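**Q** Take this structure, written in structure tokens, and hold onto it; I'll ask about it next.
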Amino acid sequence: MNKFYFSAFVASSLMMSVSSYAEMSQWSLGIAAAYSPAVYKDTPSNRTVIPLIGYEGDHLFLRGFSAGYRLFPMRSQQNVIFRLMYDPRTLKPEDSDNAQIRLLDKRSSTVLGGASYQLLTPVGMFETSVGTDVADTHNGLYAELAWRFPMRFGSWGVTPSIGYSYNSDKLNNHLYGVSKEEADRSGLSEFEAKWDGQYFVGAAAYWNIVDTFRLIGNVRYTNLEGKLESSPIIDGGVNTTVMIGLSYSF
């Protein structure tokens with residue numbers, strides 16, 4: 001995972017933390033710091049500090065590197081959401097100290113488009129999403145099912161979440177595969193990824209220091225499923241990201 005991808009992931013995740021408790025037509029600005037171990041072999045761990053910007057309207061929202069439009073007003077019991085997001089996941093072979101990894105092809109960033117269905121219930125929010133690459137980078141598909149349960153306690157709150165993401169073979173090969181040409185060139189084993197996914201568990205939290213300043217945090221644990229963790233270009237199938245930030249809402 002390069003630094004720019006990590007920064008984008010931090011921005012999107014922390015803006016999700018802010019949006020869980022945002023009021024309608026609310027802008028937010030802030031700064032965040034985060035850490036995650038490396039994904040690809042012999043690449044540096046990810047440490048970054050980045051600015052945050054977001055907007056939550058009744059229908060339109062902007063969250064860092066993503067934007068969306070709700071078909072129904074915010075906090076409707078059911079909603080359909082159309083999303084567009086920049087997906088900067090990429091492998092830059094020159095970032096690795098591993099001689100074999102340095103001989104692989106670069107994995108480029110892309111733009112993902114999709115739609116989600118949300119259902120608010122007394123036991124939390126259920127969301128299912130589908131989407132695809134709209135920039136003709138890998139033309140992969142993805143689907144996700146997630147549960148979140150926002151809990152408020154006066155000036156602070158926490159939202160635990162759990163879910164499962166399922167990716168097509170094209171998307172997984174873009175991220176984890178090793179083609180025959182790459183294997184011949186690098187000496188790594190050829191690896192063809194299939195349709196597979198990952199589980200994730202996380203929690204987002206906030207604390208209102210004053211009315212407009214909010215301390216926010218997020219922790220997310222992911223675990224690749226099936227044969228994906230056997231890819232010869234990654235360190236392992238388990239990853240934990242920890243983030244903390246400060247935001248100003250107006």
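The values are calculated or read from the model by the stated rules, or taken from the named source; none is laboratory data. Computed from a predicted model, the values in this text were never measured in an experiment. Here the Cβ positions follow ideal geometry from the backbone for every residue, glycine too, while neighbour counts run over all protein chains shown.
**Q** Condition check: touching a Gly at 6+ places or on another chain (Cβ under 9 Å) and either at pLDDT below 90 or not polar (S, T, N, Q) (or both). Does residue 246 satisfy that? Reasoning before the result, please.
**A** Working: touching a Gly at 6+ places or on another chain (Cβ under 9 Å): yes; either at pLDDT below 90 or not polar (S, T, N, Q) (or both): yes.
Taking the combined requirement at face value, the residue satisfies it.
**Q** Another question, then. Against the conditions (1) touching a Leu at 6+ places or on another chain (Cβ under 7 Å); (2) in a strand (DSSP E or B), where does residue 89 fall short? Just the number, please.
**A** Result: residue 89 fails condition (2) only.
**Q** Residue by residue through region 80-101, note down the ones that are of a type in the set (D, E, K, R) and in contact (Cβ under 8 Å) with a residue 24 or more places away in the chain.
**A** Keep residues of region 80-101 that are of a type in the set (D, E, K, R), which gives 83, 87, 89, 92, 94-95, 97.
Residues satisfying the conditions are 83, 87, 89, 92, 95, 97.
**Q** Just for region 53-83: of the residues that are hydrophobic (A, V, I, L, M, F, W, C), out of contact with any Ser or Thr (no Cβ under 6 Å at 6 or more places or on another chain) and not in a loop (DSSP other than H, G, I, E, B), which one is farthest from residue 248 (Cα to Cα)?
**A** From region 53-83, those hydrophobic (A, V, I, L, M, F, W, C) are 53, 60-62, 65, 67, 71-72, 74, 80-82; that's our starting set.
Pick out the ones that are also out of contact with any Ser or Thr (no Cβ under 6 Å at 6 or more places or on another chain) and you get 53, 60-62, 67, 71-72, 74, 80, 82.
Next cut, not in a loop (DSSP other than H, G, I, E, B) only: 53, 60-62, 67, 80, 82.
Numbers: 53: 10, 60: 19, 61: 17, 62: 15, 67: 20, 80: 28, 82: 27 Å.
Looking at residues that are hydrophobic (A, V, I, L, M, F, W, C), out of contact with any Ser or Thr (no Cβ under 6 Å at 6 or more places or on another chain) and not in a loop (DSSP other than H, G, I, E, B), I get 80.
**Q** Hey, another quick one. State yes or no: is residue 158 assigned to a strand (DSSP E or B) and surrounded by fewer than 16 Cβ atoms within 10 Å (Cβ to Cβ)?
**A** Numbers: assigned to a strand (DSSP E or B): yes; surrounded by fewer than 16 Cβ atoms within 10 Å (Cβ to Cβ): no.
It is false that residue 158 is assigned to a strand (DSSP E or B) and surrounded by fewer than 16 Cβ atoms within 10 Å (Cβ to Cβ).
**Q** Going by what's in this entry, would residue 246 be described as among the aliphatic types (A, V, I, L, M), in a strand (DSSP E or B) and more than 19 Å from the chain's Cα centre (by Cα)?
**A** Values: among the aliphatic types (A, V, I, L, M): yes; in a strand (DSSP E or B): yes; more than 19 Å from the chain's Cα centre (by Cα): yes.
The answer is yes for residue 246.
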